1. For region 146-274, compute the orientation-averaged projected area of the C-alpha convex hull (one quarter of its surface), in nm².
2. Can you give the FRET efficiency to the nearest 0.05 for Asp243 and Arg275, using r as the Cβ-Cβ distance and R₀ = 30 Å?
3. Using Cα-Cα distances under 8 Å and only pairs 6 or more residues apart, what relative contact order does region 92-246 have, in percent?
4. So for region 12-51, averaging the separation of alpha carbon pairs under 8 Å that are six or more residues apart and normalising by length, what relative contact order in percent results?
5. Considering only C-alpha atoms, what is the centroid distance from region 145-180 to region 78-95, in Å?
6. Distances over 20 Å make up what percent of all Cα-Cα pairs in region 1-72?
7. For region 296-356, what is the accessible area per residue in Å², given a 1.4 Å probe and the full set of protein chains?
8. Could you tell me what % of all Cα pairs in region 100-168 have separations over 14 Å?
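The values are calculated or read from the model by the stated rules, or taken from the named source; none is laboratory data. Here the structure is a predicted model, which is why all the values come from computation and not from measurement. Neighbour counts run over all protein chains shown; Cβ positions are idealised from the backbone, glycine included. Accessible surface areas use protein heavy atoms only, side chains included; no ligands, DNA or RNA. Shrake-Rupley method; radii C 1.70, N 1.55, O 1.52, S 1.80 Å.
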Amino acid sequence: MTVDLAAVADNWRALARRAPGAACGAVVKADAYGLGAAEVGRALSRAGCRTFFVATPAEGAALRQALAAAPAEILVFDGDVEDDAARYDGHRLTPVLGTLDALARWSRHARAHGGRRAALMLDTGMTRLGLDPPDAAAVAAEPDRLAGIELAFVMSHLACADTPHHPLNAAQKAAFDAMRARLPAAPASFANSAGILLGAGFHYDLLRPGAALYGLSVVSGRPNPMQRVVRLQARILQARIVDSKTPVGYGADRLIAAGSTLATIAMGYADGLPRALGDCGSGRIGGTPVPLVGRVSMDLATLDVTGIEPGLVRPGCVVDLIDDEHDADALAAEAGTIGYEILARIGGRVRRIHRGGAGG
Ligand SMILES: *Cc1c(COP(=O)(O)O)cnc(C)c1O
């Protein structure tokens with residue numbers, strides 16, 4: 001897997017330019033969607049990013065170590081500090097608080113230690129994480145619940161930003177504004193990648209893009225304006241010409257015509273190549289599409305490379321599973337999933353090569 005860090009930084013600058021009045025953060029949870037949070041975090045820090053979001057305190061601790069002395073606030077979405085306050089303090093992590101209990105715990109900790117920052121997550125219609133309107137009303141009625149806490153910002157998350165005309169977008173924005181109006185004044189953060197593309201009314205003070213930084217398509221049915229970032233290649237272990245009609249792979253349910261050339265690659269579902277791609281996915285060799293045939297195994301998959309120049313299908317040659325023309329979203333479509341899931345599941349055995357980092 002080759003990750004183009006210069007393209008990540010360009011994508012970050014391009015998103016920031018769409019919202020000149022807002023600061024642009026970066027979501028690097030799940031190891032920056034599988035691309036490597038340390039390398040991506042350092043590249044974005046060099047580009048000027050000062051606010052990073054991760055999912056868990058462990059991810060936050062690793063990112064703090066990678067960023068070392070760089071100025072950065074690291075926020076943890078999954079920010080309940082029940083047994084973890086020391087880790088939050090030790091790595092200077094800021095929790096995103098989404099329940100009244102979590103707020104009470106952090107307030108108690110903050111009061112005992114001279115004050116702490118936190119973000120508040122409001123649930124405005126996604127019904128996943130965050131204070132719902134009655135919870136927010138409780139905070140508004142008893143502002144002491146925030147004692148000791150400096151509000152970094154108040155945030156919410158859009159459920160349908162990838163569908164620009166979905167009525168829930170405007171409904172969530174109205175709910176967000178109504179809830180914010182009753183809480184102590186604080187900067188606001190609302191837009192993920194697709195939310196940024198919804199326009200200025202959704203930008204507020206801080207953007208939270210993830211997927212668009214990594215070159216994924218975030219609005220259904222529209223051309224993807226972001227630079228592609230990821231190339232995923234697998235090595236051919238063996239190639240053969242089959243001399244009679246023959247089945248291939250587990251189950252023996254796919255028959256290959258005599259005279260076909262097959263190539264077996266060192267990548268399977270344990271590496272994140274979805275099993276759902278069996279008999280319907282594709283890769284590319286020298287720019288020519290080649291279909292996956294038979295089932296995807298744990299460590300291996302087989303492609304029909306009939307007609308490809310023999311010099312390109314010898315053991316040691318590579319097949320592109322993801323490249324600029326057949327990108328993560330294209331592979332995802334073949335597997336019946338989304339590009340986010342493809343990238344986030346690329347396995348630990350796949351070597352990450354980061355390019356373009358130094359110039360930022
Ligand atoms: C993952 C996440 C984001 C980033 O979403 P993208 O669609 O990848 O831009 C932003 N905010 C929250 C709360 C998230 O969980």
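1. If I average the Cα hull's projected area over directions, I get 13.6 nm².
2. After rounding, the FRET efficiency stands at 0.55.
3. Worked out over region 92-246, it gives 17 percent.
4. 40 percent
5. When both Cα centres are located, 23 Å separates them.
6. Roughly 24 percent, once rounded to a whole number.
7. I get 50 Å² per residue for this part.
8. Here the long-distance tail beyond 14 Å is 62 percent of all Cα pairs in region 100-168.
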